[in-house]
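The values are calculated or read from the model by the stated rules, or taken from the named source; none is laboratory data. Being a predicted model, the structure only gives us computed values, none of them experimental. Don't worry about glycine lacking a Cβ; one is built from the backbone with ideal geometry, like all the others, and counts go over all protein chains shown.
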Amino acid sequence: MNILFVCTGNTCRSPMAEGITQALAKDMGLDIKVQSAGLFAAYGAKATEAAILAVQSIADISNHESQPLSMKLVNEADIVIGMTEDHKSVLLRQFPFEEAKIKTLSQWGGGNGDVVDPFGGTQEVYNACAQQIYDLVKNGLQSIKE
């Protein structure tokens, strides 16, 4: 299975989701390829230092390099997961023929609401965001395993 996480700049939420998913999938014995991209990302930006710190006990995302969303990435993915309803709306407008595989992280992971952008926030804000992503990803992966 190929999972693509999408956020705005691909330096906070989607890299955290990518790293967390890779680590949890490995622990659960799932064969999953994970990538992330941003709706408004440039190529090659690093994950923010706060994002790296927020997930360091689970995954090392220090080598992450941002990439913009592309048709190729969407086509290769079995599921495309936006961090917010707005991300999902943009994805559906750009890729209406892929509607069946586009979800929000909360929809996939059985939660409610958006994963709010921590950019510019304190380390505590990033840590809370990482915990929310962790919980939703764990639930989402559990549904794949079953």
Before we move on, is ILE81 touching a Pro at 6+ places or on another chain (Cβ under 9 Å), under 20 Å from PHE119 (Cα atoms) and among the aliphatic types (A, V, I, L, M)? no
Give GLU76, GLU146 a once-over and let me know the one that is farther than 15 Å from ILE3 by Cβ, among the charged types (D, E, K, R) and exposed (fewer than 15 other Cβ atoms within 10 Å of the Cβ). GLU146
Complete set of residues in segment 3-17 that are in contact with a helix residue (DSSP H, G or I) (Cβ under 6 Å, 6 or more places away or on another chain) and assigned to a loop (DSSP other than H, G, I, E, B): CYS12
Has segment 50-67 got any residue that is in contact with a strand residue (DSSP E or B) (Cβ under 6 Å, 6 or more places away or on another chain), modelled with pLDDT of 95 or more and closer than 16 Å to CYS129 by Cβ? no
Condition first: over 16 Å from the mean Cα position of the chain (by Cα) and aromatic (Phe, Trp, Tyr). Can you find one or more residues in segment 112-121 that meet it? no
Filtering segment 99-120 down to residues that are at negative phi, touching a helix residue (DSSP H, G or I) at 6+ places or on another chain (Cβ under 8 Å) and surrounded by fewer than 16 Cβ atoms within 10 Å (Cβ to Cβ) yields GLU99, ASN112, VAL116
Matching residues in segment 105-146 - criterion: being closer than 20 Å to ASN10 by Cα and assigned to a loop (DSSP other than H, G, I, E, B): GLY113, ASP114, VAL115, VAL116, ASP117, PRO118, PHE119, GLY120, GLY121, THR122
Which numbered condition in (1) surrounded by fewer than 16 Cβ atoms within 10 Å (Cβ to Cβ); (2) more than 15 Å from CYS7 (Cβ to Cβ); (3) of a type outside the set (A, V, I, L, M) is the only one that ASN127 fails? (1)
